[in-house]
Amino acid sequence: MKVLAVESSCDETAVAVVEDGRRVLADCIASQVALHRLYGGVVPEIASRKHIEAIYALADEALLTAGITREDIDAVAVTAAPGLIGAVLVGVNFAKAAALALGKPLVPVHHIRGHIAANYIAYPDLEPPFLCLVVSGGHSLLVDVEDYTTFHILGTTRDDAAGECFDKVARLLGMPYPGGAALDKQAATGDAGKYVLPQTHLSGNPLDMSFSGLKTAAINLIHNAQQKGEPLDVPSLCASFSQAVSDILLPRTLQALQETGRKTLAIAGGVAANSKIRGEFIRETKRLGVRLCMPPLKLCGDNGAMIGAQGYFEYLAGVRGDQSLNAYATMPLDELRF
Ligand code: KG4
Ligand code: ZN
């Protein structure tokens, strides 16, 4: 079954063709990152306009790359939540028109479910149940994936997302948006023990996370050094910050593994590309004999293939959208309300 998949929830326009949820026949992306870099972050109105400009040509490119025609498409999947509302709307409207014109079913997909599904592409033998840590620019979640369309949120951030903090700290250090990857690169030559950054202790659910205190501490450290004219060891600050984020994510993930008894851990979302976090998770899962799935960097960031993968499983579960399908800025991962 061939799914045409559309993703436009943030600053990447993406159209893919995915067969049976696992085999990527085409994965085309038009990135707007260079444009938003001028403003230091995503400008929602510009993102929406650029999606409109790119999406039709991108769909043609995806069909061409896959070596198929429109008639070969069996269903159209689209990110319908969550995301920048104007941006998501562009993909939803395109997908509705495509499904209507082709006479094929329309399948709305939750963006974070898509990030998790990137693992099905990277690991063709991976099947639920497993535990998944989702760490992206907008979300930080520990999710028990019971089956392809049944999810239980075990822990979540109480404030900022991990990626957002990487980007904010990187921006203050003069790195271009989105700074997570640049900060990661700088950290390679730094001393992770040089700067001591705080850990926030939360009451309530021990699997919940908080990143805003860490972000503020890093920002204050940078401002203080700048105001006093003291030199900053940027690589070491980057390494210390990455370590601190990892120190929030790792113990909670290990606790969730213990509580659920899951023997497979998947990591999803853009922050999963971080080399410190990857290294720590590889070491600890090896020690515990837990299988670790980490998609390649290309599948960690936003892409259409992951929506095609999840779209296939949502289709099998009977999820359908019609011409009244709307876009949603927010929606819980564990309870679809399309
Ligand atoms: O999943 P994603 O592409 O988009 C969202 O759905 O949010 O994640 C983007 C986030 C950005 O905050 C970006 O800075 C971060 O992932 N990121 C990284 C790295 N590569 C991307 N953060 C830390 N280290 C990296 N290597
Ligand atoms: Zn994303």
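The values are calculated or read from the model by the stated rules, or taken from the named source; none is laboratory data. Treat the numbers as computed from the prediction; the structure is a model and nothing was measured. A quick note on method: Cβ atoms are made from the backbone with ideal geometry, for glycine too, and the neighbour counts reach across all protein chains shown. Just the protein is used for accessible areas: all its heavy atoms, side chains included, with ligands, DNA and RNA removed. Shrake-Rupley method; radii C 1.70, N 1.55, O 1.52, S 1.80 Å.
Yes or no: Thr157 polar (S, T, N, Q) and either within 16 Å of ligand 2 (Cβ to nearest atom) or within 23 Å of Asp27 (Cα to Cα) (or both)? Taking the combined requirement at face value, the residue satisfies it. Out of curiosity, is Pro176 over 20 Å from Glu280 (Cβ atoms), open to solvent by 20 Å² or more (accessible area, probe 1.4 Å), modelled with pLDDT under 95 and in a loop (DSSP other than H, G, I, E, B)? Taking the combined requirement at face value, the residue satisfies it. Counted as qualifying within the stretch 255-329 are the helices (runs of 4 or more DSSP H) with 1 or more residues that are away from ligand 1 (no atom under 12 Å from the Cβ), namely 275-288, 305-316.
The residue list Gly311, Gly321 contains one member that is open to solvent by less than 40 Å² (accessible area, probe 1.4 Å), away from ligand 2 (no atom under 16 Å from the Cβ) and outside the structural domain of His201 (by TED's automatic domain parsing), which is Gly321. Just one of the listed residues (Ala87, Ala81, Ala95) is at pLDDT 95 or above, farther than 20 Å from Val3 by Cα, open to solvent by less than 20 Å² (accessible area, probe 1.4 Å) and not assigned by TED's automatic domain parsing to the domain that holds Ile267, namely Ala87.
Reported count of residues in the stretch 98-112, each being in contact with an Asp or Glu (Cβ under 8 Å, 6 or more places away or on another chain) and open to solvent by less than 10 Å² (accessible area, probe 1.4 Å), is 4. Here the stretch 12-38 is the region considered, the condition is being without any contact (Cβ under 8 Å) to a residue 40 or more places away in the chain and over 21 Å from Gly67 (Cβ atoms), and the residue that is farthest from ligand 2 (Cβ to nearest atom) is Leu38.
If I filter the stretch 226-236 for residues that are under 19 Å from Val135 (Cβ atoms), in a helix (DSSP H, G or I) and either away from ligand 2 (no atom under 16 Å from the Cβ) or assigned by TED's automatic domain parsing to the domain that holds Asp159 (or both), do I get at least one hit? No, that holds for no residue. Would you pick out the residues in the stretch 135-166 that are open to solvent by less than 40 Å² (accessible area, probe 1.4 Å), within 15 Å of ligand 1 (Cβ to nearest atom) and closer than 14 Å to Phe211 by Cβ? Scanning the stretch 135-166 gives Val135, Ser136, Ser140, Leu141, Thr157, Asp160, Ala161, Ala162, Gly163, Cys165, Phe166.
Out of the stretch 10-47, which residues are surrounded by 18 or more Cβ atoms within 10 Å (Cβ to Cβ) and farther than 22 Å from Ala122 by Cα? Those that are surrounded by 18 or more Cβ atoms within 10 Å (Cβ to Cβ) and farther than 22 Å from Ala122 by Cα: Cys10, Asp11, Gln32, His36, Val42, Ala47.
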